[in-house]
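Enquirer: Okay, here's the structure, questions in a sec.
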Amino acid sequence: MPPADTVLENPVSFTSVTFIIFFAGLFAVYWLLRRSRWQNLFLLAASFFFYAWVSPWYAVLLAATTAADFYLALGMVRWQNRRKTFLVFSLIMNLGMLGFFKYFNFFSASAAAVLQGIGLAVEPAVVSLALPLGISFYTLKKLSYILDVHSGVMQPVRSLVDYELYVAFFPQVISGPIDRPRQLLPQIQAERRWLPGHFNAAWPLLVMGLFKKLVVADTIKIMVDKIFILTLPGKLLLLCGGLAFTLQVLADFSAYTDISRGLAYLLGFKTSENFRRPYLSLTPTDFWNRWHITLSSWLRDYIFFPLRRALLGRGFASGSAAALILPPILTMLASGLWHGAGWTYILWGLYYGVLIVAYQLLGMGGAWKPKSRLHWLLAWAVMFTWIVLGWILFRSPSVAWLVNDLIHAPLLTSPGEAVAVVVVMTSVIFYSLLMLLPGLLELLPERWRWLESLYLAAALVMVVIYINSTSPDFIYFQF
Amino acid sequence: MMRRFLLFLTFFLVLCGLISRDTVVRYDTGYPLSLGPDLGGIETRQVFRQEIAEARPDVVLLGDSVLRDSVDAKAFSSLAGIPAHRIAQGGSASAFWYLALKNSIADASPKPETLVIFFRDTMLTSPGLRVTGDYFAVINEFAGEEDTLLVELAYINPMSWLEQAAGRYLPLYGERINLREILETRLKNTLSGAWLDCRGECVQQALDETFAGEKQDAGEADQAIVRAEDYLYRLEELNFERRLEKSFLPEILRIAEEAGIHLVFVRTKTWRYPDLEDEPAALQRYHQDLAAYLEENGAVLIDFSHDPRLARQLYKDGIHMNADGREVFTRLLAAAFLEQVIR
């Protein structure tokens, strides 16, 4: 049940006309300002306006906690002997906020279920508050800053405006990429000039982002939702739903990243890449090096490595079971929990942790390379299967639902379901091919490169055709 | 690199030009295009007029699937002592209710004395709700070429000026629904036709059967319904004064008055905001304004939105009632009707 104040939200999406008008105005004023000090101030005001449009109270919360982190980081340098206290305070504030808003209801319900299981009549305590938009993303940005300052990797910034802008930068605040302070802060502090290169880098990202979101993700989503809402879909239909979701989740998330990066380029910032053909991965480690790169590298640097170092520091040999198993399992559990407060997400994280350990035990860790094309093909096919199965778990409404379907559902529940399977697969194949084309075009010799421009033009034509009308029922016409 | 952009722009303009030209020729649209759908072509369905002529009710109950699941028309008739007839069109909203009143109920012979419209929260002032996609086919069945107000309020007004300009001058945009349908019909039929010899109706029937409502998980379906109704609670939908002039409500009141039909509006309970204290202040203000407006115009409002007698166990999801709920609600409705309308 949404809380009383959140229904009035009017989320601003990167693909809405409102946002396009907002950005056009911002872009013009921003480049007229010339000096980076004024540009930053203006960009910060615009970022908070963008965020406050969705939820004014949470904008205040974001500004206040970011300011607190800024002063805590300064305190760490000023009072070296109390560095740890400042760090602990920041961790409690940031993780406490994340835990309260995102996980309180989940853990409360889970604890109540356990107590009810042993015969105690306990009602779960429920917090009726909406999740502040982007809290999972901006919390990690803030934590990486405070941890880097604490460990001495970087000096704290002296300008509150610069730091607030790093955290609240509107192209990133809602869904990342989770750029590190060392990547983004120097760009915020530097003078910026308009260069044609910004535009040249931005427009293909914007076109592809719109195409992947409006044409591919939103279309496939309808089919995915239809399948995962069924009580007992046949196993073949479930597999189709998994394949469709595999496409949807990549198209949707990478679209957001593309648009975010394109907008950042137009403002003179180079932000991080988040996806590098993740479905061509050969091993789970390879997958996490290509999928949501800014998150996985954050988890690697702030959870995996410190855990491993801590274990080695306590006398565990690098080849010991604890050093081999605990860091990947705990890191991936954290990843699962970060993705959502639910058992499907936690199990999905655990699933990847177990896969990483299993592959390492088989000698297929991060540095593994296939010996032949056949090896490559086999490794890819196996890994792709794991990925799809993982997404089925991730997208399932609940673990019980999935277990029930795997045990009780026949291959096909009705003759009509065979037709549905073929229809869904036709769409998945068609839209997948459209997504694969840019990669294939890159392989062409220089003289055929004009085909890339043709592809992007056709993609934009499809965007125009697939733009939704103003009412919400438009997209449901096809099913 | 700039060369690449110019090449892209050239290709885009050429593709737009070619598709637009083909579209104008194929659909014989003329140029600039007219906005909104073409409602001509099929005869306006008069099924409700016939039903009313046969049933000769004093009261017509009009609404969507919530009415279908919440009210037993026969039980209501006997409890209230008034012959009643129910028109419950699943997936309908204010555009359809306006059409049903204008093209069928107001012209019926004999005319009912009272029309009761069942709605949720801001539905009465959301003219663009449930008029496109699959819902358009139903709207088209009950609309005639002369229903220009329908086109204006339900299809043109909800568009921004940018959308209106694009719809009028860019055939690629104006005809996008048809273009998308062509592509998706091909996607649906190509492989299923080749492999399973199933095309068109056969495919649609298979999809309808596979994804039928009764095969859906109740909890998940409930959440989907809540998400689908989010539209009704957007900030702009909650400003009654601004929404009123762009809605069908004044027209519904005018037609009913001209036809001598007394209007009653029933606000049903949903589980989004079951208690008044949960309801956002803007929604509360909206309903105060709506109630005042209806009273000013001589219509009756029966409000069940926070009725504690309608418990959660009487509902099968966030808006629809189960069999027990229907029995209870029919009784409550009849009592409220006798008290507030017959009195």
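The values are calculated or read from the model by the stated rules, or taken from the named source; none is laboratory data. All of these numbers come straight from a predicted model, not from anything done at the bench. For neighbour counting, all protein chains shown are included, and Cβ atoms are generated from backbone atoms with ideal geometry for every residue, glycine included.
Enquirer: When residues of region B:167-182 are filtered for being free of Cβ contacts under 8 Å to residues at least 60 places away in the same chain and within 16 Å of B:Leu15 (Cα to Cα), how many remain?
Expert: Residues that pass the stated criteria total 3.
Enquirer: Please find, within region B:257-273, the residue that is surrounded by the fewest Cβ atoms within 10 Å (Cβ to Cβ) out of those that are away from every other protein chain (no Cβ under 14 Å) and touching a Lys or Arg at 6+ places or on another chain (Cβ under 8 Å).
Expert: B:Gly260
Quick grid of which residues meet (1) at pLDDT below 95; (2) on the phi > 0 side of the Ramachandran plot; (3) of a type in the set (D, E, K, R):
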{"residue": "A:Leu238", "(1), (2), (3)": "no, no, no"}
{"residue": "A:Thr246", "(1), (2), (3)": "no, no, no"}
{"residue": "A:Val249", "(1), (2), (3)": "no, no, no"}
{"residue": "A:Gly262", "(1), (2), (3)": "no, no, no"}
{"residue": "A:Thr283", "(1), (2), (3)": "no, no, no"}
{"residue": "A:Arg300", "(1), (2), (3)": "no, no, yes"}
{"residue": "A:Ile303", "(1), (2), (3)": "no, no, no"}
{"residue": "A:Gly313", "(1), (2), (3)": "yes, no, no"}
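Enquirer: Can you name every one of the helices (runs of 4 or more DSSP H) wholly within region B:1-74 that holds 2 or more residues which are within 14 Å of chain A (Cβ to nearest Cβ), of a type outside the set (Lys, Arg) and exposed (fewer than 12 other Cβ atoms within 10 Å of the Cβ)?
Expert: B:2-27
Enquirer: Continuing with the same structure: Return yes or no: is A:Ala202 among the aliphatic types (A, V, I, L, M) and touching a residue at least 40 places away in the same chain (Cβ under 8 Å)?
Expert: Yes: the conditions hold for A:Ala202.
Enquirer: Kindly establish whether A:Leu433 is modelled with pLDDT of 95 or more, more than 7 Å from every other protein chain (Cβ to nearest Cβ) and more than 30 Å from B:Tyr155 (Cβ to Cβ).
Expert: yes
Enquirer: Further question: Looking at region B:274-289, which of its residues are charged (D, E, K, R), at the interface with another protein chain (Cβ under 8 Å from one of its Cβ atoms) and part of a loop (DSSP other than H, G, I, E, B)?
Expert: B:Glu279
Enquirer: Tell me the helices (runs of 4 or more DSSP H) entirely within region A:126-177 that contain at least 2 residues that are small (Gly, Ala, Ser) and on the phi < 0 side of the Ramachandran plot.
Expert: In region A:126-177, the matching helices (runs of 4 or more DSSP H) lie at A:135-151.
Enquirer: How many residues are crowded, with 24+ Cβ neighbours inside 10 Å and either touching a residue at least 24 places away in the same chain (Cβ under 8 Å) or not assigned by TED's automatic domain parsing to the domain that holds A:Tyr431 (or both) if we restrict to region A:229-241?
Expert: Residues that pass the stated criteria total 4.
So that you can scan it fast, the table gives a plain yes or no per residue for (1) touching a Cys at 6+ places or on another chain (Cβ under 6 Å); (2) on the phi > 0 side of the Ramachandran plot; (3) outside the structural domain of B:His262 (by TED's automatic domain parsing):
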residue	(1), (2), (3)
B:Asp22	no, no, yes
B:Gly36	no, yes, yes
B:Ala53	no, no, no
B:Leu61	no, no, no
B:Arg68	no, no, no
B:Asp72	no, no, no
B:Ile82	no, no, no
B:Ala95	no, no, no
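Enquirer: Oh, and also: What's the total number of residues in region A:399-415 that are more than 11 Å from chain B (Cβ to nearest Cβ) and not in a helix (DSSP H, G or I)?
Expert: Within region A:399-415, residues that are more than 11 Å from chain B (Cβ to nearest Cβ) and not in a helix (DSSP H, G or I) number 3.
Enquirer: Right, something else. Any chance region A:443-457 includes a residue that's in a loop (DSSP other than H, G, I, E, B), surrounded by fewer than 12 Cβ atoms within 10 Å (Cβ to Cβ) and free of Cβ contacts under 8 Å to residues at least 60 places away in the same chain?
Expert: yes
Enquirer: For the structure I just gave you, tell me whether A:Pro472 is at the interface with chain B (Cβ under 9 Å from one of its Cβ atoms), outside any helix (DSSP H, G or I), at pLDDT below 95 and under 24 Å from the mean Cα position of the chain (by Cα).
Expert: Judged against the criteria, A:Pro472 is not a match.
Enquirer: So, in region B:285-316, how many residues would count as being closer than 19 Å to B:Val226 by Cα and free of Cβ contacts under 8 Å to residues at least 24 places away in the same chain?
Expert: 3
Enquirer: Still on this structure, I have one more. Check every one of the helices (runs of 4 or more DSSP H) wholly within region A:269-379 and list those with 1 or more residues that are under 30 Å from A:Asn40 (Cα atoms) and polar (S, T, N, Q).
Expert: By residue number, A:293-299.
Enquirer: Which ranges mark the helices (runs of 4 or more DSSP H) fully within region B:135-233 that have 3 or more residues being at the interface with chain A (Cβ under 7 Å from one of its Cβ atoms)?
Expert: B:176-196, B:201-210, B:218-228
Enquirer: Name the single residue, out of those in region B:120-134 being surrounded by fewer than 24 Cβ atoms within 10 Å (Cβ to Cβ) and modelled with pLDDT under 90, that is nearest to the other protein chains (Cβ to nearest Cβ).
Expert: For region B:120-134, the residue satisfying everything is B:Gly133.
Enquirer: Residues being of a type in the set (Ser, Thr, Tyr) and within 30 Å of the chain's Cα centre (by Cα): count how many of those fall in region A:69-98.
Expert: 2
Enquirer: Give B:Asp230, B:Asp208 a once-over and let me know the one that is over 21 Å from B:Thr125 (Cβ atoms) and without any contact (Cβ under 8 Å) to a residue 24 or more places away in the chain.
Expert: After ruling out the rest, the residue left standing is B:Asp208.
Enquirer: Can you name every residue in region B:114-134 that is of a type in the set (Ser, Thr, Tyr) and part of a strand (DSSP E or B)?
Expert: B:Thr114
Enquirer: Name the residues in region B:234-245 that are more than 11 Å from chain A (Cβ to nearest Cβ) and among the basic types (Lys, Arg), would you?
Expert: Listed by number, the residues that qualify are B:Arg242, B:Arg243.
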